[in-house]
Amino acid sequence: MYIFEKNKFCERKFICLVIRAAAGLLAVLLGVSCGPAFWVSAAEPAEAVAVQAPSCILTDDRGTVLYEKNADQKMPPASVTKIMTMLLVMEAIEGGELALEDTVTASARAAGMGGSQIWLKEGEQFTVEEMLKCVAVVSANDCCVALAEHIAGSETAFVARMNARAQELGMFNTAFVNCCGLEAEGHYTTARDIACMSAELVRHEKIFDYTTIWMETIRDGAFGLTNTNKMIRTYDGMLGLKTGYTSQAGYCLSGVAQRDGLRLIAVVLRGESSASRNSDVAALLNYGFAGYASVEFSPDQPLMPVPVAMGRQDCVPVRLADSRSVLVEKRLLQGLEKQIELAGSAEAPVRAGDVLGSFTVRGAGGGLLWQTDILADGDVEALSLLDLWGKLLEAATLRRAA
């Protein structure tokens, strides 16, 4: 439905601006800073999810929280720490500081790491890609340290980068002491912060080339790798991301899965066993996929151009300011109501990006699901005096001819 009510549109635009300004001021006064647009809360869940672990969170990959339980409790994350390590590796590659084909040489320190490893020997060499694969698939501590030393010169310097990046992302309840997650005093994070860095990592789609590997070999087939995340084979849509275990941390997992365009992140900390941890992650993901959908809203009819007064063109085409998909509760998708409010006319000059209307979608019960501006999709210059004189001559000529 098109509504040509310029005054009404302008009034609503003013109200929206006031509300946005007030919200921004409130955020400043409260000192809110949670990284790049992370932590938008969805509606309260209809019922609790059956999660045994003491701490968990379920979000989409843009930070909308669907469910949480003690999500800000500080805990040791074990090898889930490596999400930040892999993020810095991917960012170094994207920034040109590193290449997948670069050769990494294992130091004596890297070769001497305990825990899960591929038993690197001092001086042994692998490409960045091979070492990244070993970190993602078998949680290799030795490869993790080798990559850290290659990028930053030392693990200590690399850990400093990890902590700095955590602060940039708004992970204010996190402190890293090492790059691989071995038990260390003062090494902790939270389920919420893990979801935050997981969401940042999965922006680098290349990481799924490694986290989805079930079995692989290195050293010319002499050494086998099997993914520590068994849910790769047991859960439909699972893409990774990282498991972890130490006696202090218990069984941890940040699991990422995608179905029908909806990508969810489920984090579980301090599970009692690998089986209960996986069951908890599955329960969270099932809840999310059953109750939510990723929807891209669009008008049911083409957007009509807006007439332009005193312009060199009679009208200007328009477009939606934002057409990205949004997370919506499935129950709200019944009886959708879409409304387009468009200015009856615009006065030249018009510039591409000028706001000329709005597109609103409401769901069951009239709740607002989506709203975006409608923008001018081009420039229309104002008529000059010469243009006006020409039009007057043209009109006069037409009258004489009639």
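The values are calculated or read from the model by the stated rules, or taken from the named source; none is laboratory data. This is a predicted model, so every value here is computed, not measured. Positions of Cβ are backbone-derived with ideal geometry, glycine not excepted, and every protein chain shown enters the neighbour counts.
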Out of all the residues in the range 190-211, is one or more of a type in the set (Gly, Ala, Ser) and farther than 18 Å from THR59 by Cβ? no
Would you mention how many residues in the range 266-288 are outside any strand (DSSP E or B) and in contact (Cβ under 8 Å) with a residue 40 or more places away in the chain? 14
When you scan the range 257-265, do you find a residue that is in a strand (DSSP E or B), loosely packed, with under 15 Cβ neighbours inside 10 Å, assigned by TED's automatic domain parsing to the domain that holds PRO54 and in contact (Cβ under 8 Å) with a residue 40 or more places away in the chain, even just one? no
One residue is enough: does the range 350-370 have a residue meeting the conditions β-branched (Val, Ile, Thr) and exposed (fewer than 12 other Cβ atoms within 10 Å of the Cβ)? no
Residue ID - farthest from GLY288 (Cα to Cα), chosen from residues in the range 227-237 that are surrounded by 12 or more Cβ atoms within 10 Å (Cβ to Cβ) and β-branched (Val, Ile, Thr): THR228
Sort out which residues of the range 309-353 are out of contact with any Asp or Glu (no Cβ under 9 Å at 6 or more places or on another chain) and under 23 Å from LEU388 (Cβ atoms), and write them in order of number. ASP314, CYS315, SER345, GLU347
How about the range 123-173: which of its residues are in contact with a helix residue (DSSP H, G or I) (Cβ under 7 Å, 6 or more places away or on another chain) and among the aromatic types (Phe, Trp, Tyr)? PHE158
Listed residues ASP209, ASP260; which is under 24 Å from the mean Cα position of the chain (by Cα), within 30 Å of LEU320 (Cα to Cα) and not aromatic (Phe, Trp, Tyr)? ASP260
I'd like to verify a number: residues in the range 266-278 that are surrounded by 19 or more Cβ atoms within 10 Å (Cβ to Cβ), closer than 16 Å to LYS230 by Cβ and of a type outside the set (Val, Ile, Thr), how many? 4
Candidate set: the range 304-316, residues that are in contact with a Pro (Cβ under 8 Å, 6 or more places away or on another chain) and surrounded by 15 or more Cβ atoms within 10 Å (Cβ to Cβ); chosen: the one nearest to ARG362 (Cα to Cα): PRO305
Within the range 112-124, the residues that are at pLDDT 95 or above, surrounded by 14 or more Cβ atoms within 10 Å (Cβ to Cβ) and hydrophobic (A, V, I, L, M, F, W, C) are ILE118, LEU120
Looking only at the range 184-240, how many residues end up being under 20 Å from ASN163 (Cα atoms) and in a strand (DSSP E or B)? 2
When residues of the range 319-351 are filtered for being within 18 Å of LEU303 (Cβ to Cβ), over 28 Å from the mean Cα position of the chain (by Cα) and hydrophobic (A, V, I, L, M, F, W, C), how many remain? 5
Taking the criterion of being over 24 Å from the mean Cα position of the chain (by Cα), among the polar types (S, T, N, Q) and either buried (at least 24 other Cβ atoms within 10 Å of the Cβ) or within 22 Å of ALA199 (Cα to Cα) (or both), would at least one residue in the range 98-107 satisfy it? no
In the range 62-95, what count of residues is obtained for those that are modelled with pLDDT under 95 and at positive phi? 1
